[in-house]
Amino acid sequence: MSTAQGMGVRRFGRVNWLGTCTLARREVMRFLNVWSQTIMAPLINAGLFLLIFTIAIGKGRGDVMGVPFMHFLAPGILTMTVIQNAFANTSSSITSAKVQGNIVDLLMPPLGPGELLFGLAMAGMTRGVCVGIVTAVTLVSLGGHGLPAYPLIVLAYLLLGSMALSLAGILAGI
């Protein structure tokens with residue numbers, strides 16, 4: 001009786017958590033290696049949006065439902081940067097791997113389609129949330145914007161939005 005496992009049997013259980021976490025960690029390290037492009041550039045982009053809207057609209061714009069216009073605009077810009085970076089992380093990762101010819105590194109490990117999807121999506125969400133945290137801290141410290149009235153709802157929307165756009169980025173990259 002042989003103790004060797006056949007070709008169709010998985011040694012990792014139902015889900016290869018080690019491989020999935022390693023894939024997610026690899027993708028996170030990939031965008032952290034160029035943090036000035038993946039974290040700081042979106043922060044500058046958000047600042048430019050606020051600056052342009054401030055200059056273009058000026059002081060003539062009144063309050064929106066009792067909230068100053070810039071305080072009204074900041075959460076939308078924050079959300080835009082989060083979902084844009086979640087999409088960009090997954091789509092650029094897959095596209096650049098195909099162009100550079102190292103897509104094999106993604107497809108050869110013993111990971112199923114769901115595990116690949118989950119690992120890539122978690123890395124995209126991580127980039128979106130990292131950019132969101134940096135942007136939010138900067139907006140609060142520089143602009144004097146207060147914390148939202150319902151921070152858990154805001155967090156839920158940011159996580160769900162970054163997950164949706166991360167999955168859309170995988171689809172676009174494929």
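The values are calculated or read from the model by the stated rules, or taken from the named source; none is laboratory data. Because the structure is predicted, anything quoted here is derived from the model rather than measured. Ideal geometry is used to build each Cβ from the backbone, glycine not excepted, and the neighbour counts take in all protein chains shown. Please note that ligands, DNA and RNA were not included when accessible areas were found on the heavy atoms of the full protein model with its side chains. Shrake-Rupley method; radii C 1.70, N 1.55, O 1.52, S 1.80 Å.
Within the chain, helices built from complete DSSP H runs that reach 20 Å or longer along their own axis (Cα positions) and carry a mean Kyte-Doolittle hydropathy of 1.0 or higher are 41-57, 113-143, 151-173. Each of Pro109, Leu142, Met65 was scored by the projection of its Cα onto the charge dipole of the chain, and the greatest displacement toward the positive side belongs to Pro109; charges sit on the C-beta of Lys, Arg, Asp and Glu.
Relative to the Cα centre, the charge distribution of the chain, modelled as +1 at Lys and Arg Cβ and -1 at Asp and Glu Cβ, gives a dipole magnitude of about 240 debye. In the Gaussian network model of the chain, springs joining C-alpha atoms below 10 Å, which of Ile133, Ile39, Ile52 carries the largest mean-square fluctuation? Comparing Ile133, Ile39, Ile52 in a Gaussian network model of the chain, the most mobile one is Ile52. Spatial offset of region 130-174 relative to region 79-129 amounts to 18 Å, using the alpha carbon center of each.
Over the chain, dividing the summed -39,500 (n - 2.57) contributions of all DSSP H runs of at least 4 residues by the number of residues returns a 222 nm mean residue ellipticity of -24500 deg cm²/dmol. Computed over the chain with a Gaussian network model linking Cα atoms closer than 10 Å, the most mobile of Leu160, Leu78, Leu142 is Leu142. Apolar share of the accessible surface for region 16-174: 75 percent from carbon plus sulfur atoms, 1.4 Å probe.
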